[in-house]
Protein chains: 2
Amino acid sequence: MAESKQTKQAPEILHQEVVAQSRLFKIEQLQLRFSNGEERLYERMRGTGRGAVMVVAMPDPEHFYLVREYCAGTHDYQLGFPKGLIDPGEDPLVAANRELKEEIGFGARRLIPLKSVALAPGYFNATMHIVLALDLFPEQLTGDEPEPLEQVSWPRHHLDELLQQVDFTEARSVAALFLADAYLARNPDVFELTA
Amino acid sequence: MAESKQTKQAPEILHQEVVAQSRLFKIEQLQLRFSNGEERLYERMRGTGRGAVMVVAMPDPEHFYLVREYCAGTHDYQLGFPKGLIDPGEDPLVAANRELKEEIGFGARRLIPLKSVALAPGYFNATMHIVLALDLFPEQLTGDEPEPLEQVSWPRHHLDELLQQVDFTEARSVAALFLADAYLARNPDVFELTA
């Protein structure tokens, strides 16, 4: 049963229309017919389709950078990895480096894609590329943040302590933390490869 | 710098209104004033506020259950852990057991909360409680799925292979996988505690 094979045909879309819309969001209603004949109404959000990046940046083998940023959804400040939307036409790794320069004030000479994750595929078609950034150098770009972000340098081996922080809850940051940790465990010489 | 302290006051909400609405979603616009005087318009989604659960259920120490389910956001079938919304007034652990019975056909005698994660706190106030379920017993409840879900029993130690599956991408399932793996590594005797 460990084999994972996608065998099923996606349901037929009988009807599709935008039922609500704002400056940022578009809500679409789908009338679906499943392969067993069952019909249902679903709703989903249409985003920009541009995708996003999240960056685990390490100034040295023992630390990575976090930012604390205002989040309107929860109306509080949350701790997480630097992230942002990809600009139209921009390569995801270029976007990762740009966001790093805007939010942390460093660029990276090495950018290693770890995994691309989905937000909540039941409702969104939003992909976020999680990237490990090494060989950092100082370079500040101006972003569109309303205020400077608080930066936190976190010890790599204090993973459990980070998971217990009440403001470190975003699932994509939790995934990025473990993905980076697993990559570093599998590649212990990754910091020796550079000048 | 490893200390994580929330010092900043959330921005002042100058104005707040619902700008778009559908059967499932409500989009709210916020006019905010940050502590530095900067003013911005933000949008966020208002959900049901009920929260959700995701369940890592293990029939034995070497396997856990996944389901493959149609996702309207991506219009394809995705592999992930069983999950669902908490019913009004329902306890999260009771909800976890109910979803397990509906989606997998098993109940659990032991439910261990691993972590509560946020979707994308910049836009949503949606909490998902990730729960480890042990000591399973057969019990089927009827859910509201339009078709039976495909069940997959995955070997616990084939974690990397799962992360490489093209349809295993949801950030919350990736987080749940690592959180369960870390819990089991820290608690190697967890399967010996029961009859």
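The values are calculated or read from the model by the stated rules, or taken from the named source; none is laboratory data. Since this is a predicted model, take the numbers as computed values, not measurements. Methodologically, a virtual Cβ is constructed for each residue, glycine included, from the backbone with ideal geometry; neighbour enumeration extends over all protein chains shown. What goes into the accessible areas is simple: the full protein's heavy atoms, side chains included, and nothing from ligands, DNA or RNA. Shrake-Rupley method; radii C 1.70, N 1.55, O 1.52, S 1.80 Å.
Each residue of region B:131-143 is assigned a 3J(HN,Hα), and the resulting list reads 10, 8, 10, 10, 6, 7, 9, x, 6, 9, 10, 8, x Hz, derived from the Karplus form 6.51 cos²θ - 1.76 cosθ + 1.60 (θ = phi - 60°), x at Gly and Pro. Residue B:178 contributes an accessible area of around 10 Å² to the protein surface, as traced by a 1.4 Å probe with all chains present. If you bin every alpha carbon distance in region B:108-195 into 5 Å steps from zero, what whole percent lands in each bin? Calculated over all Cα pairs of region B:108-195, the distribution is 3, 10, 16, 20, 22, 18, 8, 2, 0, 0 percent.
In region B:52-186, the inverse of the mean reciprocal separation of distinct Cα atoms equals 15.0 Å; this is its Kirkwood hydrodynamic radius. Each of A:22, A:35 has its accessible area taken with a 1.4 Å probe; listed largest first, they run A:35, A:22. Computed with a 1.4 Å probe over protein heavy atoms only, the accessible area of residue A:15 comes to about 90 Å².
Accessible surface of residue B:27, taken over heavy atoms with a 1.4 Å probe and every protein chain present, rounds to 0 Å².
For residue A:106, the residues whose modelled amide H falls within less than 5 Å of its own, excluding neighbours fewer than 5 places apart on the same chain, are A:101, A:139. Region A:28-78 to region B:71-108: how many Å between their Cα centroids? So the separation of the two Cα centres works out to 19 Å.
Straight-distance candidates among the aspartates and glutamates for linking to residue B:26, with alpha-carbon spacing under 20 Å and chain neighbours fewer than 8 residues away dropped: A:17, A:28, A:43, A:76, B:17, B:43, B:87. Taking only the Cα atoms of region A:72-126, the radius of gyration and Dmax are 13.2, 36 Å. For every other residue with a beta carbon closer than 9 angstrom to the beta carbon of residue B:135, add +1 if it is Lys or Arg and -1 if Asp or Glu, then tell me the sum. With Lys, Arg at +1 and Asp, Glu at -1, the neighbours total +2. Amide H contacts of residue A:114 (H built 1.01 Å from N, in plane; Pro and chain starts excluded): A:130, A:131, A:132 sit under 5 Å, all sequence-distant by 5 or more or on other chains.
When B:142, A:169 are compared by accessible surface with a 1.4 Å probe, the order from highest to lowest is B:142, A:169.
Buried accessible area for the A:B pair, summed, 1.4 Å probe, in Å² rounded to 100? Using a 1.4 Å probe on protein heavy atoms, the buried area is about 7000 Å². The sum of -39500 (n - 2.57) across all DSSP H runs of n ≥ 4, divided by the residue count of chain B, sets its helix-only mean residue ellipticity at 222 nm to -5500 deg cm²/dmol.
Could you give, in nm with one decimal, how far residue A:109 is from each other copy of that position, shortest first, with labels 7 Å out from Cα toward Cβ? Spacings between copies for this position, smallest first, are 5.9 nm. Ordered from largest to smallest accessible area (heavy atoms of protein chains, 1.4 Å probe), the residues B:41, A:141 come out as B:41, A:141. In the protein assembly as shown, Rg over Rh equals 0.96, where Rg is the alpha-carbon radius of gyration and Rh the Kirkwood radius from pairwise Cα distances. If you wrap the Cα atoms of region A:45-104 in a convex hull and average its projected area over all directions, you get 5.0 nm².
Amide H contacts of residue B:57 (H built 1.01 Å from N, in plane; Pro and chain starts excluded): B:65, B:133 sit under 5 Å, all sequence-distant by 5 or more or on other chains.
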